[in-house]
Amino acid sequence: SATAAGYRDFMNHLKGNEFGIGFKTILFDAVMQGDEAPCSIIAAMERIAESEEEYDAVVIIRGGGAVMDLVCFDDYDLALNIAQFPLPVIVGVGHDHDYHIADMVAHTWLKTPTAVADFFIDVFAAQEQLLMHLYQRISLSLSQKISMERQRLARVHQALENGASRVISNGRQ
């Protein structure tokens, strides 16, 4: 739900990350507790599946609550949909002591919505670091190659100059 504290925490954490990484998120609203929740979440997942190529992952998040509020995340049909979903499903429901069947079958389970945001931030920050490292290695390698080629061109230039001088000198003689 757009008004849920867990969703707000997730979004604020993603948007305010220290690395300035931008994330594109789309909310597929669903009921997150009670008897209607499993069908509502499955319906939202089906809407995502209709255009799955547009997404990298699915996040199912909900802040903590009473044990009975979270029992919907033990639903067989919901777990089956999560397990068989064509995109990775990351689940962050409740607090660190809450663990549900949905968590067990998810691609990745994290303890809270904020932990899910941290997961994405960490993945992208690590990739950015790797890319920067590769950029530095390529840059250094290219600098060395350019330096070697300049030296080679200087030798060729010197050889041509010496050869031309000999030809001119021989021609004068």
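The values are calculated or read from the model by the stated rules, or taken from the named source; none is laboratory data. Since the model is a prediction, treat every value here as computed from it, not as a measurement. So basically every Cβ, Gly included, is an ideal-geometry build from the backbone, and we count neighbours across all protein chains shown. Side chains are part of the model used for accessible areas, which takes the heavy atoms of the whole protein and leaves out ligands, DNA and RNA. Shrake-Rupley method; radii C 1.70, N 1.55, O 1.52, S 1.80 Å.
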Summed residue charge, Cβ within 9 Å of Leu87's Cβ, Lys/Arg positive, Asp/Glu negative
-2
Whole-number accessible area per residue in Å² for the range 114-173, which is evaluated in the context of all protein chains at 1.4 Å
85
Taking all protein chains as present, what is the carbon and sulfur share of the accessible area of the chain, in % to the nearest whole number, probe 1.4 Å?
56
Highest mean packing first, using Cβ neighbours within 10 angstrom, the peptides 110-116, 144-150 sort as 110-116, 144-150
Just to confirm the number: angle between the C-alpha axis of helix 5-15 and the first principal axis of the chain, 0 to 90 degrees, nearest 10?
10
Counting DSSP beta bridges in the range 1-160, what percent are antiparallel, to the nearest 5?
0
Met68 neighbourhood, Cβ < 14 Å, K/R = +1, D/E = -1, net charge -4
Using a 1.4 Å probe and counting only protein heavy atoms, arrange Glu53, Glu46, Glu18 so the residue with the most accessible area comes first.
Glu18, Glu53, Glu46
With every protein chain left in place and a probe of 1.4 Å, what is the accessible surface of Tyr55, to the nearest 10 Å²?
50
Selection from Val58, Leu80, Met104 lying farthest towards where the dipole of the range 1-148 points positive, charges on Cβ
Val58
Which of Gly163, Gly34, Gly16 ends up with the largest GNM mean-square fluctuation for the chain, with Cα atoms connected below 10 Å?
Gly163
Got a number for the accessible area of Met32? Probe 1.4 Å, square angstrom, nearest 10.
40
Candidates per chymotrypsin sites (Phe, Trp or Tyr not before Pro) in the range 106-173, loop by DSSP, up to 10 other Cβ within 10 Å
none
Could you run the Debye sum over the Cα atoms of the range 1-73, one equal point scatterer each and no solvent, and tell me log10 of I(q)/I(0) at q = 0.17, 0.18, 0.19 Å⁻¹, two decimals?
-0.73, -0.80, -0.88
Fraction in percent of alpha-carbon pairs per bin - 10 Å, the chain
9, 28, 22, 9, 7, 6, 6, 6, 4, 2, 0
Diffusion coefficient, µm² s⁻¹, Stokes-Einstein with Kirkwood Rh over alpha-carbon pairs of the range 81-138 at 25 °C and 0.890 mPa s
190
Most fluctuating residue given options Asn81, Asn162, Asn12, as computed from a GNM of the chain linking Cα atoms under 10 Å
Asn162
Listed residues Asp35, Asp56, Asp77; largest mean-square fluctuation, Gaussian network over the chain with Cα springs below 10 Å, found at Asp56
Please compute the net charge surrounding Ala159, taking Lys and Arg as +1 and Asp and Glu as -1 over other residues with Cβ under 13 Å from its Cβ.
+2
What whole-number value in Å² describes the accessible area per residue of the range 1-66 for a 1.4 Å probe?
61
